[in-house]
Amino acid sequence: MKDKSFLFPKKVYLSGADWFLHVLDNASDKKRFDFNIIRIVLDVEDENYATTIINRLEQHDLVNWMLNIQLKKPFFFSKPYWKYKNSTNVLTVNYHELGQNSLYDLKLFQQAMRVNKTPLFACDCVKENGVVSKIVLSIHHVLMDGRGTSFFLEELHANDFSLKDPFDILQYFPKEKTTKIRWYEHVKNMYFIKYFMYQHQSQNNANFNNISSNSFKIRVVNFNQGESLQINNNGQLKGAKFGLNQFLLAVSIKEITELFREKNIQGDCWLPIPYDGRKRGGNGPIISNAISFLFYRIKQAEQKSIEVIVKEIQFQMMDQLRQDLPKKYSLFLEMMRYIPEKLFSFLILRASAGNLASFLYSASIEQTRDVANKFELQAKNMHIIPPFSFPPGLTISFLTFNGQLSLNLVYDEALFNESELLAIIARLKIKLLAI
Amino acid sequence: MDIEAIERELTQFLEKNILSENVKINAGQELKAAGLDSFSIVEILLFIERKFGFVIPDEQLLPENFKTIHAIALLVHTYLTN
């Protein structure tokens, strides 16, 4: 293997969203902040697939980079960046025997990752009767967002993987914007964001923040192709004009607001939704959270039916895109990279007053886009387990793979017991599938 | 404004604002296959509002009307000529 590390950029600046996630992790419950990890579970079709993927990961330039970086924090008007040290860390694949356990109860899913303390990429293989049946990739969320993960997986499964031009590795990394923005434009933008957040966030938000056990569970629900088609049709019937995503989000909101009522938690549903800031149709960058946010508030009066929620989401989405909110919020986050970490952290917590979100919904991989479409080397199936991060301790995400939808839940154990969880899943299924 | 001119306006908008560098699109190509998502569809609607000065009514927001640039151009043309 040729060492191409000399081609790595000397500094890879964290995006505004990367730094925001890092600061948020550090500011939240100290016992939880090491679990902001995206985990990809690849179902292994045959031994050849497993060997090929592991070989590719071992040779992968980006994996080498991710295993050997150090975060340099900002110091007086400088920006945080990743510094590549030396290729001293190499990928170690850990093997686990499934035995009688269920997959998501394996200890590897509880493994923490800590910026500057542990490598931010890991690969584990799960064996059943001595044969590898799953490959689990773990990537710290500060390094990569959902769309970046999807690009990484597409490249890993491409036929021309070994034929890549060495200079292609530069495409993995974000390009720092070169357009200069004057300080008064930043100030004007900051006031716009401050006013927007003041108007929208500082209200009566329902959340599970007071319920916490500091340990979490994962649950994956698979739908077959027929059911996935039915859900897609239902989305259109319930008024989702711009794609399935608005329907899936509305169903999740409806279920969670019903849960709030069951648990006597009062308030509106408040949700920051990731908005992919990349241009469409490309294949990078892989590294960095190239995201901004839209913010949805579903008031108690609007929580009556899925149709009403879909309509409200679409109205708020159009309104915020009309105001160019994602671009403005992104500019705001970029500016906040120059603020010392402790001050930034203080400002976030003060502004949100503990109301960061009613729950988290991962929409960074567009749900209408089938990740498998671009895979040439085929995995039998794939799941992306969303991160378990700061409060509220509940993340819901959906993924379509080979025409099959899956629902992925990561939740604090204190929120629901097993029978409550089964009831939630049953109700979610009814809402998704019922005409 | 004829349909081809509307298609040109829409193509230009998409290539400049939505699509990645070097990604070209033609009027008959499926937008979803080119990488467009629900946010991009909303961006197109807002562009139509700004450029052509009307709002596409709710009942016309159907998947078939937003499948390709040509389909959108037909819709816009109908409203411009009526």
Which order do you get for A:Val63, A:Val220 if you rank them by accessible area with a 1.4 Å probe, largest at the top?
A:Val220, A:Val63
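Under a Cβ-Cβ cut-off of 12 Å, what is the net charge of the residues other than A:Leu432 that fall near it, where Lys and Arg count +1 and Asp and Glu count -1? Each step should come with its number before you reach the end.
On the way: positive: A:Lys238, A:Lys254, A:Arg427, A:Lys429, A:Lys431; negative: A:Glu227, A:Glu255.
Combined, the nearby Lys, Arg, Asp and Glu give +3.
Report, please, the projected area of chain B averaged over directions, based on the convex hull of its C-alpha atoms, in nm². Could the numbers behind the result be given before it?
Values: hull surface 19.7 nm².
Approximately 4.9 nm², given one-decimal rounding.
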Taking square-rooted eigenvalues a ≥ b ≥ c of the alpha carbon gyration tensor, is region A:5-171 rounded, prolate or oblate, where a/c under 1.5 means rounded and, failing that, a/b exceeding b/c means prolate?
oblate
Sorting A:Thr92, B:Thr78 by accessible area (1.4 Å probe), largest first, what list results?
A:Thr92, B:Thr78
With point charges of +1 on the Cβ of Lys and Arg and -1 on the Cβ of Asp and Glu, referenced to the Cα centre of chain B, which listed residue (B:Gln12, B:Ala27, B:Leu74) lies farthest in the positive direction of the dipole?
B:Gln12
Diffing region B:33-48: the Karplus 3J(HN,Hα) column from phi (6.51, -1.76, 1.60, θ = phi - 60°), in whole Hz with x for Gly and Pro, holds 5, 7, x, 6, 10, 4, 4, 5, 4, 5, 4, 5, 4, 5, 5, 4
With a/c under 1.5 counting as rounded, go ahead and sort the protein assembly as shown into rounded, prolate or oblate using the C-alpha gyration tensor (a ≥ b ≥ c being the square roots of the eigenvalues; past the cut-off, prolate if a/b is larger than b/c, else oblate).
rounded
Region A:79-165: C-alpha gyration tensor shape, a/c 1.5 cut-off, then a/b vs b/c
oblate
Which one, A:Leu325, A:Leu237, A:Leu333, has the greatest fluctuation when you compute a Gaussian network model over chain A with C-alpha springs under 10 angstrom?
A:Leu237
Between the alpha carbon centres of region B:16-82 and region A:246-297 the gap in Å comes to 24 Å
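Given the pairs A:Lys254/A:Lys380; A:Lys299/A:Lys429; A:Lys380/A:Lys431; A:Lys117/A:Lys177; A:Lys11/A:Lys73; A:Lys107/A:Lys431, which span a C-alpha to C-alpha distance of over 21 angstrom in this model?
Values: A:Lys254/A:Lys380 32 Å; A:Lys299/A:Lys429 24 Å; A:Lys380/A:Lys431 28 Å; A:Lys117/A:Lys177 29 Å; A:Lys11/A:Lys73 12 Å; A:Lys107/A:Lys431 33 Å.
Too far apart for the 21 Å limit: A:Lys254/A:Lys380; A:Lys299/A:Lys429; A:Lys380/A:Lys431; A:Lys117/A:Lys177; A:Lys107/A:Lys431.
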Over the heavy atoms of A:Lys127, what accessible area does a 1.4 Å probe trace out, to the nearest 10 Å²?
60 Å²
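List nothing, just return the count: lysine pairs in chain B, 8 or more apart or interchain, with Cα separation under 15 Å.
Numbers: B:Lys16/B:Lys24; B:Lys16/B:Lys51; B:Lys24/B:Lys32; B:Lys32/B:Lys67.
Taking chain B as the scope, the lysine pair count is 4.
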Taking 60 Å as R0, compute the FRET efficiency from the Cβ-Cβ separation of A:Tyr191 and A:Glu128 and round it to 0.05.
0.55
Length gained if A:Ser419 through A:Asp105 is fully extended, taking 0.36 nm per residue and subtracting the Cα-Cα distance, is 111.3 nm
Average partner chain C-beta neighbours within 10 Å, per residue of A:280-291?
3
For region A:228-234, Karplus-derived ³J(HN,Hα) couplings (6.51, -1.76, 1.60; θ = phi - 60°; whole Hz; x for glycine and proline) come out as 5, 5, 4, 5, 4, 5, 4
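The values are calculated or read from the model by the stated rules, or taken from the named source; none is laboratory data. This one's a predicted model, so the numbers in the text were calculated from it and none came from an experiment. In this analysis, Cβ positions are derived from the backbone assuming ideal geometry, glycine residues included, and neighbour counts consider all displayed protein chains. Remember, those area values only see protein heavy atoms, side chains included, never the ligands or the DNA or RNA. Shrake-Rupley method; radii C 1.70, N 1.55, O 1.52, S 1.80 Å.
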